[in-house]
Amino acid sequence: MSADTNAVTRDAVAEHEAANPAANVTALIPQTLGGTFRSYVRGVRSGETGSVPAVVGALVLMVIFGVAQGNFLSSSNIVAIVQQSAPTTIMAMGLVFVLLLGEIDLSAGVVGSTAAAFGAVLSVKHGMPWYVAILGSAVFGGVVGLFLGWLRAKLNIPSFVVTLSAFIAFQGVQILVINSKSNGVQVSDQTLHDLYFGRISPAAGWILLFAALALYVLVKVVQNAARRRKGLAVVPVTVLGLRALAIAVFGGGFVYLMNIDQSVAWQQREGIHQWGVPWSSVIILGLLVVLGFTLTKTRYGRHVFAVGGNEEAARRAGIRVLSIRTSVFVLCSALAALSGLILAGQLGGVSTGDGAGNTLLLAVAAAVIGGTSLMGGRGRIVDAILGGVVLAILQNGISDLLQGNNASAYELIIEGAVLLLAAAVDSVSRRTRR
Amino acid sequence: MSDPVLRLRGITKSFGPVEVLKGVDFEAHAGEVTALVGDNGAGKSTLVKCIGGTYSIDGGEYLFEGKPVTVRGPRDASALGIEIVYQDLALCDNLDIVQNMFLGREKLNSRSRTLDEAEMEHQAGSALASLSVRTVKSVRQKVSSLSGGQRQTVAIAKTVLWNSKVVILDEPTAALGVAQTAQVLDLVRRLADQGMAVILISHNMLDVLKVSDRVAALYLGGMAAQVKTSEVNQTQIVELITAGRSGSLGLNPEGAAA
């Protein structure tokens, strides 16, 4: 009887296989524009919200503030918003790595400003050139991150506790590093100031946009060619073309806005221009390319996602979970140092207490608003940029809109509510996702 | 009859004073499904973990393709070509099928050292096709969107990718419905037809009878019997599991502890 069962199953299988040989399964890529759009909508509705909340949020806020205040959408205010978003965005980029593992780094704000103070001291008191100051600052951040990551990964102390301790302790370290009765260290180096205020020439802006666009198209074409060689489904040319067009239109609009000359009458008489894409935007674009590449195209990035998704699976697959976990804290603190330096450029130096308060939480909010999950396993570098811009719009608009004695109180309440809202969107979308 | 790919002779394993494996003989042949059955506590998991290198064996011989080998850890076992598909599948929900199948062994472009997504997707697709998998719509689906049976399929198909010689499946159908169980059993059969030695741990006698070529029954840390599935019926297997013997098969009453 059992032998029969066995034979029957096998015969059935053989027959079935002979009747319809299985085709090679490949990716299911919609081949028409309508199909691409429908599959995107389906994804959003099933919880893959991606950039939608951030983009919608930015547009809604721009309309509200634009209607409420005439000069909100002036070119000088838009440049200001872009510049204001930079420190938060760069810190959020580092936090994306930490959040991908389902960890948190509460110390990034304070550590970043402490590292910036270290860089500022190198520049001001020891007369080091700007690149040594930046490098020293980044190394300072990296070493701190290594220590924090080691405490989390090796000693298994929850990251919440490790980084909360660091948040407190490094406020003290910051005072020691600054070591001054004036409660701050002033930066005099022009390059360090330019990290925030610097602008590249209008022509350089257009060249950069063209280069970025060319790089995007090149990468996509090479990818599609490789897929076609292997007989895999490819993204249709029309869809690729539309995406490139969207980047060109959006990027072109951005560069155009940044290139409007904002110089006032006396500057024009002197031949001074106030125009060009901010340095900070160029830095952010560079980081987007490098970090995005790291996260999506390298083995390391894949392993970061794996550890964030299922630590046990990652370990069984031979991934060195401990080093991955440590490395994200190193990256986060080093990027926080860069963020701190740009903030120092904005404020003209580092004062005790910089980077404390809600600096860090705003960066977390930026990553989460952009679509990075607080629970780990999901996030992109571009999330940091989207979220950073939304928050900069909010802060800039609110501070002008709210007047009176309690303005700053309401501002804090609204910022807190926005972080909560972003986290709620994350939780709800996580629940609907199947 | 071919020589077994994997042969264990007189394997013993103790945890402190508790002797879990008392001289177990076991063999797995290429192209065959060997069902490993036994009651809870009979030593199935321990035996599997000894084969997979998670536990080191205390005594006995471990022969792979006829040669004695020492397996000191899971890496040694995978180097030999032994893969274990655990019950909790060890897949990352946030990654897609291709990414999961290549996890920890990603293919890189030779020049740029970046992930060779096209090659990985191609190989993953071929592996699924070689197992006649039709239930998966796209290999770029996230694992979180897959059903239990599909997840099991992905975990099993992974072993095809790595040209494994011995595949151990720990209760692959335990959490599945009727239709999905049938699909996974088909898959198990096809793995063996591709020339792998498949070891199937199962509590479900119907599954065992349906898909296996041999049955190895563990009883209180000893191998009660290893017989051809075609020569036994369900009652006999159940007796081997619960009493260690069935008619002329199994352990002698006086030798039960040997």
Could you tell me which numbered condition residue A:105 fails, if it satisfies all but one of (1) charged (D, E, K, R); (2) at pLDDT 80 or above; (3) over 30 Å from residue A:193 (Cβ atoms)? (3)
Kindly evaluate residue B:168 against the criterion of being more than 22 Å from residue B:244 (Cβ to Cβ) and assigned to a strand (DSSP E or B). yes
Out of (1) free of Cβ contacts under 8 Å to residues at least 24 places away in the same chain; (2) within 14 Å of chain B (Cβ to nearest Cβ); (3) over 23 Å from the mean Cα position of the chain (by Cα), the one residue A:233 does not meet is (1)
Hits in the stretch B:141-172 (condition: within 14 Å of chain A (Cβ to nearest Cβ), without any contact (Cβ under 8 Å) to a residue 60 or more places away in the chain and under 16 Å from residue B:188 (Cβ atoms)): B:148, B:150, B:153, B:157, B:160
Given the residues A:52, A:25, which is the only one that is at pLDDT 50 or above and within 27 Å of residue B:132 (Cα to Cα)? A:25
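Does residue A:354 fit the bill of being surrounded by 24 or more Cβ atoms within 10 Å (Cβ to Cβ), at pLDDT below 95 and out of contact with any strand residue (DSSP E or B) (no Cβ under 7 Å at 6 or more places or on another chain)?
yes
From B:182, B:224, B:157, which residue is of a type in the set (A, V, I, L, M) and within 19 Å of residue B:36 (Cβ to Cβ)?
Exactly one of B:182, B:224, B:157 is of a type in the set (A, V, I, L, M) and within 19 Å of residue B:36 (Cβ to Cβ), namely B:224.
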Give the residues of the stretch A:25-48 that are more than 11 Å from chain B (Cβ to nearest Cβ), closer than 27 Å to residue A:428 by Cα and not charged (D, E, K, R), sorted by residue number. A:35, A:36, A:37, A:40, A:41, A:44
Only residues that are facing chain A (nearest Cβ under 7 Å) and either small (Gly, Ala, Ser) or touching a Gly at 6+ places or on another chain (Cβ under 8 Å) (or both): list them for the stretch B:124-140, please. B:125, B:126, B:129, B:132, B:138, B:139
What about residue A:370, is it small (Gly, Ala, Ser) and away from chain B (no Cβ under 14 Å)? yes
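Yes/no per residue for (1) at pLDDT below 90; (2) part of a helix (DSSP H, G or I); (3) touching a Pro at 6+ places or on another chain (Cβ under 8 Å):
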| site | (1), (2), (3) |
| --- | --- |
| A:338 | no, yes, no |
| A:346 | no, yes, yes |
| A:365 | no, yes, no |
| A:394 | no, yes, no |
| A:410 | yes, yes, no |
| A:417 | yes, yes, no |
| A:425 | yes, yes, yes |
Per-region count, the stretch B:199-216, residues in contact with a helix residue (DSSP H, G or I) (Cβ under 6 Å, 6 or more places away or on another chain), more than 14 Å from chain A (Cβ to nearest Cβ) and not in a loop (DSSP other than H, G, I, E, B): 1
Boolean, residue B:185 is part of a helix (DSSP H, G or I), farther than 13 Å from residue B:86 by Cα and within 16 Å of the chain's Cα centre (by Cα): yes
Please go through the stretch A:271-303 and give me each residue that is more than 11 Å from chain B (Cβ to nearest Cβ), free of Cβ contacts under 8 Å to residues at least 12 places away in the same chain and under 18 Å from residue A:208 (Cβ atoms), ordered by number. A:286, A:290
Identify, by number, the condition in (1) surrounded by fewer than 18 Cβ atoms within 10 Å (Cβ to Cβ); (2) of a type in the set (Lys, Arg); (3) within 28 Å of residue B:93 (Cβ to Cβ) that residue B:158 doesn't meet. (1)
So the helices (runs of 4 or more DSSP H) completely within the stretch B:4-114 holding 3 or more residues that are in contact with a Leu (Cβ under 9 Å, 6 or more places away or on another chain), surrounded by 14 or more Cβ atoms within 10 Å (Cβ to Cβ) and outside the structural domain of residue B:140 (by TED's automatic domain parsing) are B:44-52
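The values are calculated or read from the model by the stated rules, or taken from the named source; none is laboratory data. Nothing here was measured: the structure is a model prediction, and the numbers come from that model. Positions of Cβ are generated from backbone atoms using ideal geometry, with glycine treated the same way; all protein chains shown enter the neighbour counts.
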